Amino acid sequence: MKTLRVIAAVVMIALLGGSASAAADVASKSGIRVVSAGHQIQYPDRLVFHLEAEADATITEIRLFYTLGGRSVQTYGYPDFTPGRRVASDFSIRTSGASYIPTGVDVEYYYRITDADRNTLETARSSFEYRDPRYRWNKLTRGDLTVLWHDISRRRVERLTADVVERLEEVKSVFGLGEVEPMKAVIVNSRREARSAFPFPSEAARRGHFFAGFAFSEYSLFVMQGLSADTMVHEAAHLLLDQAVDSPLARVPAWLNEGLAMQFEDGAIAYSAAVRSAARANRLLKLNHMGSVPGESRDISVFYGQAWSIVDYMMDNYGPERMGALLAALDSGERFDQAFQTAYGFTPDDLERAWRAGLLGASVAPPRPGPAIQAAASESDVRSRVPDSPPAVSDLRDDSESRIPDSPPAAGAPLPASPPGPSVVGTAAFISGTAAVAMVVVLWRWIWQRLHRPTPENGVHET
Ligand SMILES: [Zn+2]
């Protein structure tokens, strides 16, 4: 849901700061006066801005400038009005359909009014939060997270938020994040309410699949249905992943994005039986077809289960350090296959083969990792690379109802045990380079390379 909306008669321009004090001077001399100004939220379809103004000369132009969600771009549009010494205008911004804007977004706006004598008046900035005006909304902030809700007890929301904020520390640690951009969560209470709050229906939704939440990185905001800590952690993890891998060159496949978000859910383990069952029925998706979330409803549950299962396998067998190295390599602009090789020392195909075999109960050891994690590519290397695939970050997540598998875990088909792989030394993203650490790293790599020759790249080993 990262599409930038095209609004008729609206042009994107770079935000120019520092005009507020100049505006006050102009206002006092311009002879232009605002009679009344305001806005109305016609939820969920549009925002309407009203203005009445008068001037000593004929008012010839009105521009409405606005920014959404504190972003660094400002948009302007021209409200319709009949030129005169006293004018009234309305201007609408669509917020649904192809022009969807998520609820919870902060809107800031002001006008620039010009008359026939070229006097201008720039009005003071006004702001509001775009949300359904039928409800009385509450708000709290804990750590990096602000939560917006209605008709749920504050105590329940406080408890849940405290739990989530604590769990997000682990997410930040795995993603290599210290300070993070503040995030906002909007909780809606029913499917009916979610239908208005969520983006226009996807093909999947039309076919009966329902998502539990949507994350919008450009606004650092997510909208979710129901008071669920797992959903909140999942959506926040998407936003944090986007912060961790924020290079414009970076491409994170949807299976990795979703699998990582699910990795921090307490309830994701419930997928394991469904994934094994899909493996036995030969219904698993090919990993290299999982760059985006599928449109078919029946594939979506398999996709999410599989995404979780593969990432869980990676985390179980190779730990968070190599996952961190993969994210760092992606952020440096490496294509996925290359980044994977950099972090793990074998290919995604190797991973997929061993993971599938394990699901089917074969006694297959996970591919052996490379001897040590290499540092991320240098900046000059990054600049010369051009990604070959479109952005694949998904903001979708599965509906919690459809995530609950209908059978208990199959017995006797355990995933392969963790390998006794070498200790992994961190990348620059994880270990600040003190001399002592560097010495240990160099020594350890030297010892490791002495003891072990590099593993063949197709490292699936029958045991
Ligand atoms: Zn998701």
Where does each of 69-76, 275-282 land if you order them by average Cβ count within 10 Å, highest first? 275-282, 69-76
Based on Cα positions only, what radius of gyration and what Dmax would you give for region 135-244, in angstroms? 13.9, 41
What's the exposure ranking of 193, 122, going from fewest to most Cβ atoms within 10 Å? 193, 122
Place a point 7 Å from the Cα of residue 71 along the Cα-to-Cβ direction; which residues of region 82-118 have their backbone N under 16 Å from it? 93-109
Over region 135-244, calculate the relative contact order: mean separation of alpha carbon pairs under 8 Å at least 6 apart, over the residue count, as a percent. 29 percent
Counting other C-beta atoms within 10 Å, which of 50, 289 has the fewest, and how do the rest follow? 289, 50
Go through 166-173, 305-312 and give me the packing order, highest mean Cβ count within 10 Å leading. 305-312, 166-173
Normalised by the number of residues in region 122-186, what is the relative contact order in percent for Cα pairs under 8 Å and 6+ residues apart? 36 percent
Would you mind computing, in nm to one decimal, how far apart the modelled labels at residue 159 and residue 98 are, each placed 7 Å from Cα along Cα→Cβ? 4.7 nm
How far apart, in nm, are the 7 Å Cα→Cβ label points at residue 56 and residue 142? 5.9 nm
Multiplying the sequence separation of residue 280 and residue 152 by 0.36 nm and subtracting their Cα-Cα distance, what value in nm do you get? 41.8 nm
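Every number in this text was worked out from the coordinates using simple rules, so none of it is lab data. Bear in mind that the values here come from a model prediction, so they are computed numbers and not experimental data. FYI the Cβ positions are ideal-geometry reconstructions off the backbone, even for glycines, and counts take in every protein chain you see.
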